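Encoded as structure tokens, the structure appears first; notes follow it.
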Amino acid sequence: MKLLKNLILFFLTCLLTTSLIAQSNIKSYNLKKGEILDILLLTTKPESEKAFKKYRETAFPIASKRTYQPLPGFKIEQTLQGNIQPTSFIVGKWNDLKNRKQFIAEIEGIVPDFHEQRRNIWSLFNLTYYEMPKDVSFEIDRSKYNVATSYWKKDMVSFKNFTELWLQKSTAKGGKKILELSNGKSPLGYYHNPEVLIITQWENKAAFDAFYKENLKMNHNGVLHVNQFVLN
């Protein structure tokens, strides 16, 4: 009887551990209509811990006052397409566009070396923010193969046809669209404003690679530029 109890306890512990690991892999996001979602692509300079401590103590309180909230971000495992190689995909949100703009307008007056601090910490700092047109909820499972793809347009008609076909091919190959963002904005000095950002989820790298080969063969005449990263 004691052995049976111990076995039951062991299996329950295993199930609970597995469940907790699975839950820890899933990052959930819930945004209300009118809230602002920040997407930052960053590369941190080596030995910048002291500079970041100062930045956290001077800039973060102002951002928090203006309703900024950090959200779960990701390490960028690999650059697949594009001319930049950031190491972090950082996510945050603000209550509304008014607070987002007010932070940009007032921060230099409160923290005069704000932009210099950022340059001391990050060798790459690209920022795009999006106002939510409706309530948006999504999950990103870190145990899957997640890819963030940004496209810039050259010609609107050709670009629209390209992105529609891109999504069709992605779905046909097993890709799941997690999030699609457009109509973004970038502050002066941090410009990175693609026409569309799409995050797709794949069961594994092999599943994505099957699509990737077809993607590269597509007609890109309507595409001006692309950045594509694997998120981990």
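Couple of notes before you dig in:
- The dipole here belongs to the stretch 58-198: it is taken about the Cα centre, uses +1 on the Cβ of Lys and Arg and -1 on the Cβ of Asp and Glu, and is about 260 debye.
- Percent of C-alpha pairs per 10 Å bin, the stretch 131-232, short to long: 14, 45, 34, 7
- The residue list Asn204, Pro187, Val223 was ranked by how far each Cα lies along the charge dipole of the chain toward its positive end, using unit charges on Cβ atoms, and Asn204 comes out on top.
- Where labels lie 7 Å past Cα in the beta-carbon direction, separation of His225 and Asn193 in nm: 1.2
- Rounded to the nearest 20, the size of the Cβ-charge dipole of the stretch 81-126 about its Cα centre is 200 debye, with Lys and Arg at +1 and Asp and Glu at -1.
- Gain on full stretching of the segment that runs from Ser186 to Asp113 - 0.36 nm per residue minus C-alpha separation: 24.3 nm
- The length gained by stretching the chain between Leu71 and Thr43 to full extension, at 0.36 nm per residue less their Cα-Cα distance, is 8.3 nm.
- Fully extending the segment from Ser123 to Ala206 would add 26.7 nm, taking 0.36 nm per residue of separation and subtracting the current Cα-Cα distance.
- Cα gyration tensor, the chain - rounded (a/c under 1.5), prolate or oblate: oblate
- Gyration tensor verdict on the stretch 22-160 (Cα atoms; rounded if a/c is under 1.5, prolate if a/b is larger than b/c, oblate otherwise): rounded
- In terms of accessible area, using a 1.4 Å probe and ignoring ligands and nucleic acids, Arg56, Arg118 rank largest first as Arg56, Arg118.
- For the stretch 79-119: rounded, prolate or oblate by the Cα gyration tensor [a/c cutoff 1.5]: oblate
- In the stretch 90-141, the ratio of gyration radius to Kirkwood radius, Rg to Rh, stands at 1.04 when only Cα atoms are counted.
The values are calculated or read from the model by the stated rules, or taken from the named source; none is laboratory data. Bear in mind that the values here come from a model prediction, so they are computed numbers and not experimental data. FYI the Cβ positions are ideal-geometry reconstructions off the backbone, even for glycines, and counts take in every protein chain you see. These area figures cover heavy atoms from the full protein model, side chains too; ligands, DNA and RNA do not enter into them. Shrake-Rupley method; radii C 1.70, N 1.55, O 1.52, S 1.80 Å.
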